Amino acid sequence: MWVLLGICSAVLLGFYEVGRKHAVNDNAVIPVLLGSTLFGALLVVPVIALSKITPLAMQNWGLYVPVLPLDAHIYLIIKAVIVASSWTMGFFALKHLPISIFTPIRATSPFWTLIGAILIFHEQPSAMQWAGLILILLSYYAFTLIGNQEGISFHRNKWIYMLILETIIGSLSGLYDKQLIQKLGFTPIVVLTWFSFYIVLIFLILSLVLWYPQRKTSTPFQWRWSIPLVGIFLVFSDFLYFRALSYSAALIVLVIAVRRLNVVISFLIGSFWFKEVNKRIKLLALSGVLAGIFLLVLSS
């Protein structure tokens, strides 16, 4: 069941990636982040309200959000800070990189998650899982060669470094999600609702402190229909992802790997929509990524 949830989450995440590329192209990044997370948070407000009005019904639906003690909120604030750091770097990198380069590199997160899972949770990957991860890394090396043809030096481009750092932080966020849900007992809906609330506060502060004073000298902000869609797709994708993690049999490495199938949608739709080049060569390298992910899933 957790594999199916992961695949559904990946589909929504693919549309999320395409939407955020459209939202940040030639646009101010921080207010885009604020707008998208705000619309995402609005979706969970009724869940909190109904948990107060009809708690029994919400419990039956698995959507009940209880009153949390202060220490629980601290855990969720830490989650929001980690994700806000990752998203800020990711949105800036996506603004300056082709989506057909961005999304495959972003999918290296299973490798970093695997390293963390081995060190922190003492998970033991099988030989097939190792083979899958090695195949993924070889495919990304192919993407570095393709990027060089497009004038993107993977060794000198600051946006590539920002993307790699965003990917590593995102992997740490995945490990933290497992800690919250499987170890500390947070339900998926509790993590989603309060995390969505706190991340809006973080981006509101960043907008007021960093973007607003410099708005006249930096990239101007333009409202686009894709901004609310980014938040909406992400909320539903995250809920399915947290539900997948709630299964005790779900290894975090495999959940993240399955979720990275989003690269299929974001690559196919994004590369054609934004009229990017070298699509056939990139598709071959992407096939290696998908084969590696298939080995990870098959080994489960």
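The values are calculated or read from the model by the stated rules, or taken from the named source; none is laboratory data. Just so it is clear, the structure is predicted and the values come from calculations on it, not from any experiment. Please note: Cβ atoms are built from the backbone with ideal geometry, for glycine as well, and neighbour counts cover all protein chains shown.
Please determine, by comparing only the residues of region 212-239 that are outside any helix (DSSP H, G or I) and among the charged types (D, E, K, R), which one is modelled with the highest pLDDT.
Only one residue fits best here, namely R224.
Annotation: F143 fulfils all but one of (1) touching a Lys or Arg at 6+ places or on another chain (Cβ under 9 Å); (2) at pLDDT 85 or above; the unmet one is (2). Quick one: would you say K178 is on the phi < 0 side of the Ramachandran plot, surrounded by fewer than 16 Cβ atoms within 10 Å (Cβ to Cβ) and either without any contact (Cβ under 8 Å) to a residue 40 or more places away in the chain or touching a helix residue (DSSP H, G or I) at 6+ places or on another chain (Cβ under 6 Å) (or both)? No; evaluated as a whole, the condition is false for this residue. Each residue in region 253-283 was checked for being of a type in the set (D, E, K, R), assigned to a loop (DSSP other than H, G, I, E, B) and modelled with pLDDT of 70 or more, and 2 of them qualify. The criterion of being out of contact with any strand residue (DSSP E or B) (no Cβ under 9 Å at 6 or more places or on another chain), at negative phi, surrounded by fewer than 20 Cβ atoms within 10 Å (Cβ to Cβ) and among the charged types (D, E, K, R) holds for D71.
All of A244, A250 fail the test of being closer than 30 Å to H73 by Cβ, modelled with pLDDT under 85 and not in a loop (DSSP other than H, G, I, E, B), apart from A244.
Residue selection: L63 fails the criterion of being within 30 Å of W225 (Cβ to Cβ), at pLDDT 90 or above and surrounded by fewer than 22 Cβ atoms within 10 Å (Cβ to Cβ). S196 passes every criterion in (1) closer than 25 Å to V67 by Cα; (2) surrounded by fewer than 21 Cβ atoms within 10 Å (Cβ to Cβ); (3) touching a residue at least 24 places away in the same chain (Cβ under 8 Å); (4) among the small types (G, A, S) apart from (2).
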